[in-house]
Amino acid sequence: ETYYDFFRRLMETGKDVLYLDMSREMSSSYQASHRAASRIQAEFPDQQLVLPDTRCISGGLGLLVRECVRHMEEGMSFQALLNFCESTKLHIMHRFTVDDLNYLKRGGRVSNASAMIGSMLSIKPVLYVPDDGKLTVSSKVRGRRAALNALLEGVKRDMVSPSGQNIIINHADCLTDANWLRNELLDAFPTLGSVDIFGLGIIIGAHCGPGLLTVFYLGDQRKP
């Protein structure tokens, strides 16, 4: 099913549509969906089809969708929902670490020399997504344990209003590490609403490799 067919089917219900996709900086699907939306909007001038740039990916996008659905089910108006999405998206923190630099090398995110030297020295990058929606290295540490601790400390440093908050952890074939991070977060913030663990999809897994661990949560502002 193409974006055009998908949007047409939704618009034929007679309702306004809010479609949340990955950050435009991380996926070509953003441009494809906007081209289709422009065609559809001309056919349904009395309805709204809105595709904001979420600046979110993976579980971060999942958190944004989850919060929007919750407010929609509580009766929030369409315009208020759009405003909520815009005001919330940059407060969704994205933190990552990868275990094998060769996958980043294949995707052109690190050079051959950096991947080779980093692998020899067991250098592990810790990454985040800043306001521009691009995946960015925040620090480099030696060893897997140091990388996991960097994720944990990042969450502790900039999480806001932990009471009742729902966190998402994604992993690529490293469930033991995901469970460790979950337990550490629950110990540090006992009033959390939930810490959900999900496996990553094949596309992100293929780009970043096994050992990719991510955590998504609400914070004050995106920073390294």
Handout entry: So residue 114, is it farther than 19 Å from residue 59 by Cβ and not in a helix (DSSP H, G or I)
Key = no
Problem - Test result for residue 79, of a type in the set (S, T, N, Q), assigned to a helix (DSSP H, G or I) and in contact with a helix residue (DSSP H, G or I) (Cβ under 9 Å, 6 or more places away or on another chain) - result: no
Handout entry: Residue identified as among the acidic types (Asp, Glu), farther than 30 Å from residue 194 by Cα and either free of Cβ contacts under 8 Å to residues at least 24 places away in the same chain or touching a Ser or Thr at 6+ places or on another chain (Cβ under 6 Å) (or both) among 16, 5
Key = 5
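May I ask you to list the residues in the range 93-140 that are among the polar types (S, T, N, Q) and either free of Cβ contacts under 8 Å to residues at least 40 places away in the same chain or closer than 21 Å to residue 200 by Cα (or both)?
Listed by number, the residues that qualify are 97, 102, 111, 112, 114, 119, 122, 136.
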Completion exercise
Checked 129, 137 against criteria (farther than 14 Å from residue 99 by Cβ, surrounded by 14 or more Cβ atoms within 10 Å (Cβ to Cβ), β-branched (Val, Ile, Thr) and modelled with pLDDT under 95); the one match is 137
Practice task
Output yes when any residue across the range 111-125 is closer than 17 Å to residue 100 by Cβ, out of contact with any Gly (no Cβ under 7 Å at 6 or more places or on another chain), at pLDDT 95 or above and surrounded by 14 or more Cβ atoms within 10 Å (Cβ to Cβ), and no when none is.
Solution key: no
Practice task
Return the residue satisfying two criteria in turn: it lies in the range 55-74 and is buried (at least 17 other Cβ atoms within 10 Å of the Cβ) and without any contact (Cβ under 8 Å) to a residue 60 or more places away in the chain, and of such residues it is nearest to residue 91 (Cα to Cα).
Solution key: 64
Completion exercise
Taking the range 141-157 and keeping only residues that are in contact (Cβ under 8 Å) with a residue 60 or more places away in the chain and surrounded by fewer than 19 Cβ atoms within 10 Å (Cβ to Cβ), one is left with 144
Practice task
Working only within the range 19-33, note down all residues that are crowded, with 16+ Cβ neighbours inside 10 Å and free of Cβ contacts under 8 Å to residues at least 24 places away in the same chain.
Solution key: 30
Handout entry: Which numbered condition residue 10 misses (of (1) at pLDDT 95 or above; (2) surrounded by fewer than 19 Cβ atoms within 10 Å (Cβ to Cβ); (3) in a loop (DSSP other than H, G, I, E, B))
Key = (3)
Exercise for the section: Report whether or not residue 90 is assigned to a helix (DSSP H, G or I) and either in the same structural domain as residue 188 (by TED's automatic domain parsing) or at pLDDT 95 or above (or both). Expected result: yes
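The values are calculated or read from the model by the stated rules, or taken from the named source; none is laboratory data. Keep in mind that what you see is a predicted model, and the values were worked out from it rather than measured. For neighbour counting, all protein chains shown are included, and Cβ atoms are generated from backbone atoms with ideal geometry for every residue, glycine included.
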